[in-house]
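One structure is given below, encoded as structure tokens.
Bear in mind these aren't lab numbers, they're just calculated from the coordinates by the rules spelled out. Not measured: the values here are computed from a predicted model. With ideal geometry, Cβ positions are generated from the backbone for all residues, glycine too; neighbour counts draw on all protein chains shown.
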Amino acid sequence: MVAEFNSAFSINGLPIVYDDLSEVAYSLVKEGEPFEKEIGDFLLDWVSESDKILQRTSGSTGSPKDLYLSKKAMVKSALLTGSYLELGEGTRAVLCLPVSSIAGKMMLVRALTLGWKLTFVPPERTPLWSVSGDIDFIAMVPMQLQGSLKELRRVGKVLVGGAPVSKDLRQALLGKKTIVYESYGMSETASHIALRKLNPPVQGTPSGTVPAFQALPGITLEQDENQCLVVHAPFISPEPIHTNDLVSLSDAHSFHWLGRADHIVNSGGVKLIPELLEAQLEPVVDRRFFLTGIPDDVLGEKLVLIAEGKPDKDLLAKVKRSAAVEKYQVPKAVYFLDTFMEGKSGKILRAEIKAELFKNE
């Protein structure tokens with residue numbers, strides 16, 4: 001099929017016509033760095049006869065699997081983003097995400113479809129240091145945004161996703177004029193289906209208030225019997241997309257994310273949502289950490305805290321003294337690891353860390 005294409009599209013300052021896409025792609029595959037080879041492979045897929053793109057899911061809605069996304073759905077998603085964020089033809093954009101991810105693929109689709117002037121750089125922690133001049137738009141994961149705070153003055157709009165944005169990072173954005181949106185989405189939804197504006201804060205909004213995610217036009221939301229989010233996006237899938245994300249649903253178009261259903265700890269009959277408690281403990285624990293459950297003869301499961309870095313024998317006592325959480329929500333034990341395993345987006349790999357830590361128990 002002939003893929004959607006806008007003639008204003010350019011790569012690294014070079015205008016590209018549709019008939020030259022294959023040649024550009026072959027050159028990247030043959031001579032490029034590993035991240036450039038991924039770009040070339042995707043461009044070849046985009047101009048191929050197939051009407052679908054193969055994407056390996058991240059496992060957000062179950063075990064990782066191969067997924068085939070319609071090119072038409074990806075184009076529709078790109079058009080929605082362009083319209084919602086007012087990023088039209090001629091937008092100066094930077095691709096700094098691996099194209100193995102749906103987020104990286106969609107940056108290319110947006111550029112091709114909307115006619116952006118795209119610059120691509122290695123998917124490193126400080127991508128803006130590789131780019132000169134002002135930028136209209138860039139999509140990043142939180143660790144890249146954290147590493148780019150000093151350069152944000154050159155950027156008009158940022159889309160951040162792939163992992164939760166910490167309270168400290170949200171705080172670091174205060175006072176900066178760059179417009180930052182946090183995204184919610186997954187491979188199955190061809191990138192994000194909802195956004196929330198983190199910065200600059202809406203006038204009159206209390207300090208520290210986290211806004212709700214707002215669904216893009218044409219997308220509606222509901223909850224299943226387990227309070228998990230269900231997404232209705234007809235342009236992506238004729239069937240509802242069921243997620244494993246616990247949410248507080250404001251209405252059919254907005255929600256607050258609470259945590260993952262598969263992370264819930266059932267301790268003595270009380271269901272604890274680790275992500276909610278982690279947010280409350282963030283000011284108390286001065287390092288990366290997460291909460292999880294492990295088997296317990298009395299409680300069935302007990303809540304424990306796993307922290308990164310050198311052991312601190314006073315950490316649990318500090319948590320108890322803080323009163324940041326209720327007594328029954330205080331972890332029963334603390335475990336330490338020198339370094340956390342993390343995914344490409346910087347997301348902490350909870351299941352893998354837990355399996356490694358307790359493999360001999």
Enumerate the calculated ³J(HN,Hα) couplings along the stretch 280-297 in order (Karplus 6.51 cos²θ - 1.76 cosθ + 1.60, θ = phi - 60°), each rounded to whole Hz, writing x wherever the residue is Gly or Pro. 6, 8, 3, x, 9, 9, 8, 6, 6, 7, 8, 10, 8, x, 10, x, 9, 4
Quick check: net charge around Val155, other residues with Cβ under 13 Å of its Cβ, Lys/Arg +1 and Asp/Glu -1? +4
Relative contact order (percent) for the stretch 30-121, with alpha-carbon contacts under 8 angstrom and 6 or more residues of separation? 26 percent
Filtering GluC sites (Glu not before Pro) in the stretch 154-257 by DSSP loop and by at most 12 other Cβ atoms within 10 Å leaves Glu225
Determine ³J(HN,Hα), in whole Hz, for all residues of the stretch 149-158 in sequence, where each value follows from phi through the Karplus function 6.51 cos²θ - 1.76 cosθ + 1.60 and θ = phi - 60°; x replaces Gly and Pro. 4, 6, 9, 4, 4, 8, 10, x, 9, 10
Relative to the longest principal axis of the chain, what angle (0 to 90°, nearest 10) does the C-alpha long axis of helix 21-31 take? 60 degrees
Can you list the residues of the stretch 263-302 with backbone N under 20 Å from a point 7 Å past the Cα of His256, pointing along Cα to Cβ? 263-265, 271-284, 291
Viscosity 1.002 mPa s, temperature 20 °C: what is the translational diffusion coefficient of the chain from Stokes-Einstein with a Kirkwood Rh over Cα pairs, rounded to a whole number of µm²/s? 98 µm²/s
Cleavage-rule hits, GluC sites (Glu not before Pro), the stretch 308-355, DSSP coil, Cβ neighbours within 10 Å at most 11: Glu326
Using a ≥ b ≥ c from the Cα gyration tensor of the stretch 264-357 (square roots of the eigenvalues), is it rounded, prolate or oblate, where a/c under 1.5 gives rounded and otherwise the larger of a/b and b/c decides, a/b for prolate? oblate
Exposure proxy ranking, count of Cβ atoms within 10 Å, fewest first, for Arg170, Arg153: Arg153, Arg170
For the stretch 10-260, calculate the relative contact order in percent as a whole number, restricting contacts to Cα pairs under 8 Å that are 6 or more residues apart. 13 percent
In sequence order, what are the phi-derived ³J(HN,Hα) couplings for the stretch 164-179 according to the Karplus relation 6.51 cos²θ - 1.76 cosθ + 1.60 with θ = phi - 60°, rounded to whole Hz, with x for glycine and proline? x, 8, 6, 4, 5, 5, 4, 5, 5, 7, 4, x, 8, 7, 4, 7
Please report the antiparallel percentage of the DSSP beta bridges confined to the chain, to the nearest 5. 65 percent
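Packing-wise, with mean Cβ within 10 Å as the measure, how do 73-80, 101-108, 242-249 rank, highest first? Provide the component values of the computation, followed by the final result.
Details: 73-80: 21.5, 101-108: 25.0, 242-249: 18.6.
Ranked from most to least packed, the peptides come out as 101-108, 73-80, 242-249.
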Near the amide H of Phe336, under 5 Å away, which other amide H atoms are found, from residues 5 or more places off or on another chain, if H is placed in the peptide plane? Ala307
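Taking 0.36 nm per residue of separation and subtracting the Cα-Cα distance, what length does fully extending Lys167 through Glu282 add? All intermediate terms of the calculation are to be shown ahead of the outcome.
Working: separation 115, 0.36 × 115 = 41.40 nm, distance 0.75 nm.
Fully extending the segment from Lys167 to Glu282 adds 40.6 nm.
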Cα centroid separation - the stretch 172-249 against the stretch 8-39, whole Å: 32 Å
